[in-house]
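The next block holds one structure in the form of structure tokens; read it before the comments.
The values are calculated or read from the model by the stated rules, or taken from the named source; none is laboratory data. All values reported here derive from a predicted model rather than from experimental measurement. Here the Cβ positions follow ideal geometry from the backbone for every residue, glycine too, while neighbour counts run over all protein chains shown. Side chains included, ligands, DNA and RNA excluded: accessible areas come from the protein's heavy atoms. Shrake-Rupley method; radii C 1.70, N 1.55, O 1.52, S 1.80 Å.
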Amino acid sequence: MSDLCKISFPGTDYPPLTLQRHQNLSEHLTIQNSPVLFGCRTGICGTCLVEVNGEIPPPQPDEQEMLETLGAHNPHARLACQVSITDNVEIRRLEG
Ligand code: FES
């Protein structure tokens with residue numbers, strides 16, 4: 001399996017990024033290279049709510065609880081700052 005993962009942003013003009021496996025999105029996505037916005041980067045503000053399509057590990061309990069608090073009923077909803085990338089993914093921003 002490749003150690004590189006492609007991060008794409010369908011429906012936007014942002015070109016795909018390539019990251020190493022297990023890198024954290026919040027360390028590599030910026031306002032210049034992605035449509036994702038970050039606030040706290042520690043999983044408590046909900047600013048970075050996105051839909052992620054791809055094979056990545058499921059949310060930890062703290063992230064899951066925050067997603068429920070945000071009313072994110074989308075089964076692919078995630079907090080981008082808490083996601084560790086393990087595969088090619090498509091990311092769409094959700095309005096929190
Ligand atoms: S940036 Fe605050 S929850 Fe992700």
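Only one entry of Q60, Q32 meets the criterion of being of a type in the set (S, T, N, Q), open to solvent by 60 Å² or more (accessible area, probe 1.4 Å) and over 18 Å from L79 (Cα atoms), and that entry is Q32.
Within segment 48-57, work out how many residues are open to solvent by 30 Å² or more (accessible area, probe 1.4 Å) and under 11 Å from the mean Cα position of the chain (by Cα). The qualifying residues number 4. Could you please let me know if I91 is of a type in the set (A, V, I, L, M, F, W, C), touching an Asp or Glu at 6+ places or on another chain (Cβ under 9 Å) and open to solvent by 30 Å² or more (accessible area, probe 1.4 Å)? Judged against the criteria, I91 is not a match.
Of all the criteria given as (1) touching a helix residue (DSSP H, G or I) at 6+ places or on another chain (Cβ under 7 Å); (2) more than 24 Å from D3 (Cβ to Cβ), the one not satisfied by H73 is (1). Selection of first residues in segment 1-20 that are free of Cβ contacts under 8 Å to residues at least 60 places away in the same chain and of second residues that are among the β-branched types (V, I, T), restricted to Cβ pairs under 8 Å at least 6 apart or on distinct chains, gives the following pairs, ordered by first then second residue: L4/T18; P16/I7; L17/I7; T18/I7.
Taking segment 64-85 only, how many residues are over 12 Å from the mean Cα position of the chain (by Cα) and either on the phi < 0 side of the Ramachandran plot or among the charged types (D, E, K, R) (or both)? Explain how you work it out, then say what you get.
Applying the first criterion (over 12 Å from the mean Cα position of the chain (by Cα)) to segment 64-85 yields 64-75.
Checking the rest, the ones that are also either on the phi < 0 side of the Ramachandran plot or among the charged types (D, E, K, R) (or both) come to 64-70, 72-75.
Going through segment 64-85 one residue at a time, the tally reaches 11.
Residue-level check: of (1) within 13 Å of the chain's Cα centre (by Cα); (2) crowded, with 17+ Cβ neighbours inside 10 Å; (3) within 13 Å of the ligand (Cβ to nearest atom), L37 misses just (2). When the test is whether a residue is of a type outside the set (S, T, N, Q) and at pLDDT 95 or above, I7 passes it.
Condition test on L79, is it near the ligand (Cβ under 10 Å from one of its atoms) and open to solvent by less than 30 Å² (accessible area, probe 1.4 Å)?
Details: near the ligand (Cβ under 10 Å from one of its atoms): yes; open to solvent by less than 30 Å² (accessible area, probe 1.4 Å): yes.
Spelling it out, L79 is indeed near the ligand (Cβ under 10 Å from one of its atoms) and open to solvent by less than 30 Å² (accessible area, probe 1.4 Å).
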